[in-house]
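Each value in this text was obtained by applying a stated rule to the coordinates, not by laboratory testing. Given the structure is predicted, the values throughout are model-derived calculations rather than measurements. Methodologically, a virtual Cβ is constructed for each residue, glycine included, from the backbone with ideal geometry; neighbour enumeration extends over all protein chains shown.
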Amino acid sequence: MVYNSFSVNSDMDEHQLNTAHHYTQKALELHQNGDYKQAIFLLEDAGKIYQQYNKWLNYIETYNNIGHNYALLAQFELAIAYFNIAFMEGKKRLTTQHNEVARAAACLGVCHLYNNHYPKAIRYLQYALQSWSQQKQINCKSINYCYYYLGMVFFKQKQYNEALKYYQKILTHQIKFDNKADSAIAAKAYVAIGKTYFRQKAYQKAIAYLHKGLSIQLKVLGVLAMDTAKSYHTIGTCYAHTNDRQRAAAYQLKAQSIWSDLYQNRRSVFQYATQPHLQF
């Protein structure tokens, strides 16, 4: 989430704007603690104040943040409604290339992806990708996540070669493996490529890419992580399809062991199952 500061003009009601700023900061704390509903209530009050005083950048940021919280509650229709307001107001009040406009477009794309509205997902993600690519200071992280979600859209439509094109763009787009954020998206790309090859029944290629992804996940996420468990399980499934039963059993047992440990923390499992990863 993004929470920027603002400047106050002398003729504005400083008390009101300070109240909006306080609501925004409190909402950030609630968001970080997983209390998304309370964060939304405060952000809505802050948004009304920003709108009243024509603080359009803060208003648009706030609506993006409200949408983010609704998305994390898996209430995608409400999330789309707020992201759409941020997107339309951003194009009207800011510029079509502004970072908050691109952010709204990207988040709209992800929410439409989760709602299986693939043409809309492609349209918004490509808008965000074009906007970030044209900025003076290129946002490599956001661009890479656009590639990732575009790959997901085509993967879900079984257009595997098109999905591979987007996933592979990530690995050639200024990845620095000493950077944790870059390593995280690289791991996602390797695993996604592996899963795509698996769907194409190219099991040896799938295994090679999945192993690369798992190696990075173990460094970045550690063993006790849902993504790590899923990679172990998928590698095991690949080995099963190559009739390597011993390795298949070993990797799937490792996945089951991790899942067993994770399910002791039911909240983390629920969040993983329902939350999109809006890494913009």
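In degrees, nearest 10, range 0 to 90: what is the angle between the Cα axis of helix 36-52 and the longest Cα principal axis of the chain?
For helix 36-52, the angle is close to 40 degrees.
Sequence gap at least 6, Cα distance under 8 Å: using those rules, report the relative contact order of the chain to the nearest whole percent.
Worked out over the chain, it gives 11 percent.
For helix 118-134, what angle does its Cα long axis make with the longest principal axis of the chain, in degrees from 0 to 90 and rounded to 10?
70 degrees
Please list, or write none, the aspartates and glutamates whose alpha carbon is within less than 17 Å of the alpha carbon of Lys55, excluding same-chain residues fewer than 8 places away.
Partners found: Asp11, Asp13, Glu14, Glu44, Asp45, Glu89, Glu100.
Excluding same-chain residues fewer than 8 positions from Lys120, which lysines have a Cα within less than 25 Å of its Cα?
Result set, ordered by chain and number: Lys91, Lys92, Lys141, Lys156, Lys158, Lys165, Lys169, Lys188, Lys195.
How high is the relative contact order of segment 16-135? Use alpha-carbon pairs under 8 Å, at least six apart in sequence, and give a whole percent.
Result for segment 16-135 is 18 percent.
Return P(r) of the chain (all Cα-Cα pairs; 10 Å bins starting at 0; whole %; ordered from short to long distances).
Percent of Cα pairs in each bin: 7, 25, 32, 22, 10, 3, 1, 0.
Count neighbours as other Cβ atoms within 10 Å of each site's Cβ, and list the trypsin sites (Lys or Arg not before Pro) in segment 196-249 that are DSSP loop with at most 10 such neighbours.
Passing sites in segment 196-249 are Lys201.
What does the charge dipole of segment 16-135 about its Cα centre add up to, to the nearest 20 debye, if the Cβ of each Lys and Arg holds +1 and the Cβ of each Asp and Glu holds -1?
Computed charge dipole of segment 16-135: roughly 340 debye.
Quick one: among Ala128, Ala202, Ala163, which has the greatest mean-square fluctuation in a GNM of the chain with alpha-carbon springs under 10 angstrom?
Ala202
Report the extension gain between Lys37 and Ala249 in nm, rounded to one decimal, defined as 0.36 nm multiplied by the number of residues separating them, less their alpha carbon distance.
72.1 nm
Toward the positive end of the charge dipole of segment 16-135, about the Cα centre and with charges on Cβ (Lys, Arg +1; Asp, Glu -1), which of Tyr23, Tyr82, Tyr127 goes farthest?
With unit charges placed on the Cβ atoms, the residue in question is Tyr127.
Just name one of Thr95, Gln168, Ile185: the one whose Cα is farthest towards the positive end of the charge dipole of segment 88-185 (beta-carbon charges, Lys/Arg +1, Asp/Glu -1).
Highest projection toward the positive end goes to Thr95.
If you filter segment 121-190 for trypsin sites (Lys or Arg not before Pro), then keep DSSP loop positions with at most 11 other Cβ within 10 Å, what is left?
Those satisfying the criteria are Lys136, Lys158, Lys176.
Treating the angle as unsigned and between 0 and 90°, give the value, to the nearest 10°, between the Cα long axis of helix 160-171 and the longest Cα principal axis of the chain.
70 degrees
If I take every Cα pair under 8 Å that is 6 or more residues apart in segment 139-190, average their sequence separation and divide by the length, what percent do I get for the relative contact order?
Answer for segment 139-190 is 37 percent.
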